[in-house]
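Below: one structure, written as structure tokens.
The values are calculated or read from the model by the stated rules, or taken from the named source; none is laboratory data. Here the structure is a predicted model, which is why all the values come from computation and not from measurement. Cβ: placed from backbone, ideal geometry, glycine included. Neighbour counts: every protein chain shown. Only protein heavy atoms, including side chains, enter the accessible area calculation; ligands, DNA and RNA are left aside. Shrake-Rupley method; radii C 1.70, N 1.55, O 1.52, S 1.80 Å.
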Amino acid sequence: MERERSLPAAPGPIEFEVGLLRARLDRAEQHYESFGRILADYLDQRPHAIDRILEDDGTTVARLRRVLPLPVELSVIFGELLYELRAALDNCLYAAAVLVSGQSPPPSAARLEWPIRETPAEWSRQASRYRDLPAQITEGLEAIQPYQAQLPDWNSLRILHNLARIDRHRTPHGLGLYLAGVRIWVDPDLVDVVNTGSRGIVQDGDEIVRVKVARGVTLSPENFDLDLEFEVDVTDVREVPGPGGRTGRPWGPLDKRLHSLVKAVDEYTAGLLGVAAELAGPA
């Protein structure tokens, strides 16, 4: 995956900081690509099966059976990707502070972190962290806060903040099998669909579809066909209202969500350094 927008040339005073930022973004992309490869290899192995089980009430239930567990490496790479993106934002703000102040370390260096605030009150409580930065910098940062977004749940900074916070302070994010699509065909004269299934995280043994078959009939390709689409996602993912009023996972499947995070961090860091360079003027 190539970034569509590159960082500006690094002025001498922040050459190291911008080099570190570029390295973090490159590493995040490498993690993104590794995550995709491992995930594709895992799904290609058909790591799950569907068991048809006759229940006591006469219905037949299609239940998920996990054949292969999710690779632990997926969670590790996922956490490392989040770390690099969050650290890249902090590195960028530090570099901008060095550039506009002409000092290294810059004023209030220990208090600087890229802000991600979900409410105006949170922004106000932490505003003193940025008192030594020019107004153009703080105003630009406030303009992109999640609480300013039309759809906060789809805001890339908020998504990154929530994912990275949980991964860093609690435990690596749980990843699970996500049922993304259910397509079922039955002969209505022989098979009655009781439960058609729904999208979401499914665990080993969970019910996918439930049908009732006419007396003396056996399920077969002639009267029943089930096509399921599985993905991998974080286990606490939620479907929320999005652009155009449609409801879904923010930015779609997990791989697209990660792509949006990498792209957003690249664009935000390039934009902030561009503002800082203009404020600093000629070297």
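Miscellaneous remarks
- Using alpha-carbon coordinates, inclination of helix 15-44 to the longest axis of the chain, degrees: 10 degrees
- Between Gly174 and Thr235, the built amide H atoms are under 5 Å apart, and every one of these is 5 or more places off in sequence or on another chain.
- The sum of -39500 (n - 2.57) across all DSSP H runs of n ≥ 4, divided by the residue count of the chain, sets its helix-only mean residue ellipticity at 222 nm to -14000 deg cm²/dmol.
- Rg(Cα) / (2.2 N^0.38 Å) computed for segment 41-92, rounded to two decimals: 1.98
- Backbone amide hydrogens, once placed in the peptide plane, bring Ile208 within less than 5 Å of Ala62, Arg63, Leu64, excluding anything fewer than 5 places away on its chain.
- 5 angstrom amide H check on Gly242, placed H, neighbours 5+ away: Thr247, Gly248
- Carbon and sulfur %, accessible surface of the chain computed with the full protein complex present, 1.4 Å: 48 percent
- What the Cα convex hull of segment 1-149 gives, in volume per residue, is 191 Å³.
- Summed over the residues of segment 38-124 and divided among them, the accessible surface reaches 48 Å² per residue at a probe radius of 1.4 Å.
- Degrees, to the nearest 10: 72-101 long Cα axis against longest axis of the chain: 20 degrees
- Inverse of mean 1/r across different Cα pairs in segment 91-223, Kirkwood, Å: 19.8 Å
- Cα shape, segment 81-142, gyration tensor, a/c 1.5 rule: oblate
- Taking the centroid of alpha carbons for each part, segment 91-165 and segment 184-236 are 48 Å apart.
- Semi-axes of the equivalent ellipsoid for the chain, Cα gyration tensor, largest first, Å: 49, 18, 15
- Taking one quarter of the surface of the C-alpha convex hull of segment 158-283 gives a mean projected area of 12.6 nm².
- The charge dipole of the chain, taken about the Cα centre with unit charges on the Cβ atoms of Lys, Arg (+1) and Asp, Glu (-1), comes to about 720 debye, rounded to the nearest 20.
- ³J(HN,Hα), Karplus 6.51/-1.76/1.60, whole Hz, each residue of segment 133-141, x for Gly, Pro: 8, x, 4, 4, 6, 5, 5, x, 5
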